[in-house]
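**Student:** Once you've had a glance at the structure underneath, I'll fire off some questions.
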């Protein structure tokens, strides 16, 4: 009588959409358990077409919604989920992240324009203002002028 070979730890199921047997490893099952332990409304699945791990949230209205996708399923996934949890100190506010990103892009664009114009641009603006072709109101591009500049403008107009 031959010895029985036990199956590897994990989960096997038949995926009817792709028509094949799918086996999830013990490591993936452990990650799913750890995620469900910390966030009971989240679950992890693997998309065989895009080759990505999907984090799915079961909402209170009974609908499952895509929470995030990643190409990895390890400690980095737990860290990414933790960044989305407002109760966690690593939480990143999405609106603040977008605002910071936009401000960084704006600073980079302004720096690029400053590098292009450089010293010549400053001299040109000074010459245009001195000749009266450029009003000092337009120097700030529609932004509110600093208080010190407004005060000087009022005194000069008197």
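FYI, it's all coordinate maths here, none of it is from the lab. This one's a predicted model, so the numbers in the text were calculated from it and none came from an experiment. Positions of Cβ are backbone-derived with ideal geometry, glycine not excepted, and every protein chain shown enters the neighbour counts.
**Student:** Say each of residue 120 and residue 36 gets a label point 7 Å from the Cα, pointing the same way as Cα to Cβ; how far apart are those two points in nm?
**Tutor:** Output for this residue pair reads 6.7 nm.
**Student:** For labels at residue 107 and residue 80 in the simple 7 Å Cα→Cβ model, what's the distance in nm?
**Tutor:** 2.6 nm
**Student:** Separate question: Can you give the FRET efficiency for residue 100 and residue 27, using 1/(1 + (r/R0)^6), R0 = 25 Å, r = Cβ-Cβ distance, to the nearest 0.05? Mind showing how you got there, number by number?
**Tutor:** Values: r = 35 Å, r/R0 = 1.39.
In this case the efficiency is close to 0.10.
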